[in-house]
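Working notes, structure below.
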Amino acid sequence: MAQERIVPEFDSSSVKMSREEGLRLYEDMVLGRVFEDKCAEMYYRGKMFGFVHLYNGQEAVASGVIKSMRQDEDFVCSTYRDHVHALSAGVPAREVMAELFGKATGCSKGRGGSMHMFSAEHKLLGGYAFVAEGIPVATGAAFQSKYRRETMGDESADQVTACFFGDGACNNGQFFECLNMAALWKLPVLYVVENNKWAIGMAHDRATSVPEIYKKAHAFGMHGVEVDGMDVLAVREVAKEAIARARAGEGPTVIEALTYRFRGHSLADPDELRSKDEKEFWFPRDPIKRFAGYLTSKELATEAQLKDIDRKIQALVDDAVKFALESPEPDPSELYKYVFVDD
Ligand SMILES: Cc1ncc(C[n+]2csc(CCOP(=O)(O)OP(=O)(O)O)c2C)c(N)n1
Ligand SMILES: [Mg+2]
């Protein structure tokens, strides 16, 4: 078996975390996991159409970054693997599920589906189906914050943008062009690369001359860090630092989170290319189990409290499915509605 790339275990002894924040982070990760498991069930029961890409295994990245940001103020930009980013950004589970079902009550009014979650209210700039397509969008969002603050004198324009994308996006030209602009103009942006080792069936190391993506930031004079993407405490630590730097006008950061998806590329993928050895290496590194262990060992939560959260989230996701099933389809007479912002 090839040597797996991991970083040394994060030393959590210096972490300062309140009970409340610990439980909030745990709840967010459980929401991501339970929601996605339910998506798989609904997909196989024929309730949703098109490609559906799940995030199981990667939850520590969304929760660690997004929960360190200011909800409904800071911007989040995603890819086609976007349900959990939307949930962490505060889009209600009902609206994400309804969008997956193509219903009029979905966060994109049923026009987007799985790959195109959007919410102006929660500052979710969208899920994007083309690989790397979100990178220039996020860079533009970061540019407008800076422009409003520095050129137009709007003191309140201190929003930070987090842009999530995969390892596969990093050999795309948009990545390099945007890194250059963001570094040059010191834009308030986090480029969060979720390196899950695979781009569908292409192993990252087979497609990439320098597989350590965080090092590419250094070519632009930009901060670039690697982090254990299976450890929410480690992700939160680097995210906080990068957010503070961005908000202070000190520019962007590339965060390369080393992670693993627990399922196939999409629900249509039989997942036959990844070796048993590789899966057996990564599956025990489950970020939710790990964080649950941290919370109980530090006496920030009891097993019973965590079970209560699990039950609460299960009920919330069941409610989201009921809501989605009972919601109406978009009316065909409104086909052209929402094409322009005026609607
Ligand atoms: C520009 C472009 N080229 C090819 C594709 C087909 N495609 C869809 S997903 C994907 C793999 C991307 O992998 P990665 O960026 O690592 O994200 P992950 O799926 O691992 O989250 C490819 C090549 C696409 N959607 N867009
Ligand atoms: Mg990938």
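Just so it is clear, none of the values below were taken in a lab; they were calculated from the coordinates. Note that the coordinates shown come from a computational prediction; the quantities given were computed from them, not determined experimentally. In this analysis, Cβ positions are derived from the backbone assuming ideal geometry, glycine residues included, and neighbour counts consider all displayed protein chains.
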### Message
For region 246-262: of the residues being assigned to a loop (DSSP other than H, G, I, E, B) and surrounded by fewer than 24 Cβ atoms within 10 Å (Cβ to Cβ), which is nearest to ligand 2 (Cβ to nearest atom)?
### Response
R261
### Message
When you check P136 against the structure, is it under 23 Å from V238 (Cα atoms) and either surrounded by fewer than 24 Cβ atoms within 10 Å (Cβ to Cβ) or touching a Cys at 6+ places or on another chain (Cβ under 7 Å) (or both), yes or no?
### Response
yes
### Task
Determine, yes or no, whether S119 is surrounded by fewer than 24 Cβ atoms within 10 Å (Cβ to Cβ), among the polar types (S, T, N, Q) and within 17 Å of the chain's Cα centre (by Cα).
yes
### Task
Considering each residue of region 288-343, count those that are within 15 Å of R19 (Cα to Cα) and β-branched (V, I, T), and give that number.
3
### Message
Can you go through G90, G106, G102, G64 and tell me which one is farther than 30 Å from Y336 by Cβ and away from ligand 1 (no atom under 16 Å from the Cβ)?
### Response
G64
### Message
Please count how many residues of region 190-219 are near ligand 1 (Cβ under 9 Å from one of its atoms) and either part of a strand (DSSP E or B) or at positive phi (or both).
### Response
8
## Note on the structure
Of the conditions (1) free of Cβ contacts under 8 Å to residues at least 12 places away in the same chain; (2) touching an Asp or Glu at 6+ places or on another chain (Cβ under 6 Å), the single one that P284 does not satisfy is (2)
